[in-house]
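Asker: Following this message is one structure expressed as structure tokens.
The values are calculated or read from the model by the stated rules, or taken from the named source; none is laboratory data. Quantities reported herein were computed from a predicted structural model and do not represent experimental measurements. As a convention, Cβ positions derive from the backbone with ideal geometry for all residues, glycine included, and neighbour counts pool all protein chains shown. Each accessible area value is taken on the protein alone, full model and side chains, heavy atoms only, with ligands, DNA and RNA left out. Shrake-Rupley method; radii C 1.70, N 1.55, O 1.52, S 1.80 Å.
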Amino acid sequence: MSVTRLKGSERARRRILVGSALGGLLLAGGLAACGGGSGQNAATSPTAGTTSTPNASSFSGTPPSALASSAASAIGSARASASAAASSASARASEFEASVEAETQRRSAAAEKELQNVKGRGNALSEVAMTGIPRAQSGGVLAVLVTITNKTGSDASYAVQVDFKNSDGKVVETRYVGAENLKPGKKEQPIAFSHEPPEPRLTPVLAKAQRY
């Protein structure tokens, strides 16, 4: 009889131990499933401290290497655009300079042609004035600002001849400027540049001014 009781008690103790063990396993599994506990609880999780490789296919962003490539591409594109803009601006400036030079030459040729048959100094000396431009502002070149003012009551064009003379009074160079279709009371200020060297110094003189 005593042996049977001992075996029964032993079986009871085993059932208690097995139940406790199962309860502990279930509790540990529950904590691991929550995964949002404190650091101490996370340390007791069976997966704590383990590492795994993330699945790249689950990323919604761009990998670092692709980002770097994209940034380099954007920088290259910006530089190309800036270079193209600078080149375009330079081209436009050159075109503008060329157009201004061409217009200046055309007006100069028109003024020279108009003055070929003018006897004396012309009919518009009182409507033309000249002012020397400091060499510091003209890059060392001898230049004069020619102010042409239409003092009549109707539109008029003007042809002006500027002679550059040396100290002996000899004409070394002649330049022509003009104004076309100038409204009454309006003025234009073309510049006459000497192409001669700075030395010997020359003196600009208003030689002719014709209104036509």
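Asker: Put +1 on the Cβ of each Lys and Arg and -1 on the Cβ of each Asp and Glu in segment 76-212; which of A84, Y212, H195 then has its Cα farthest toward the positive end of the dipole?
Answerer: Result: Y212, furthest along the dipole toward the positive end.
Asker: Write down the accessible area per residue of segment 125-192 in Å², having rolled a 1.4 Å probe over the full set of protein chains.
Answerer: I get 50 Å² per residue for segment 125-192.
Asker: Could I ask something else about it? I need the shape label for segment 121-206. Rule: rounded when a/c is under 1.5, else prolate if a/b > b/c, else oblate, with a, b, c from the alpha carbon gyration tensor.
Answerer: Prolate.
Asker: How charged is the neighbourhood of A124? Take every other residue with its Cβ under 10 Å from the Cβ of A124, and add Lys/Arg as +1 and Asp/Glu as -1.
Answerer: +3
Asker: So if I place +1 on the C-beta of Lys and Arg and -1 on the C-beta of Asp and Glu, and nothing else carries charge, what would the dipole magnitude of segment 101-212 be about its Cα centre? I want it in debye, nearest 20.
Answerer: Numbers: 16 positive and 13 negative charges, 68 e Å.
Dipole magnitude for segment 101-212 comes out near 320 debye.
Asker: Please list Y158, Y176, Y212 from largest to smallest accessible area, probe radius 1.4 Å, with all protein chains kept in place.
Answerer: From most accessible down to least: Y212, Y176, Y158.
Asker: Taking the alpha-carbon distance from K151 and a cut-off under 25 Å, which lysines remain once sequence neighbours fewer than 8 residues away in the same chain are dropped?
Answerer: K151 reaches K113, K119, K183, K186, K187, K208.
Asker: While we're on this one: Roll a 1.4 angstrom probe over the protein heavy atoms and tell me the percent of accessible area of segment 149-208 that is carbon or sulfur.
Answerer: 48 percent
Asker: Using 7 Å Cα-to-Cβ label points, what is the E103/S138 separation (nm, one decimal)?
Answerer: A separation of 2.2 nm, rounded to one decimal place.
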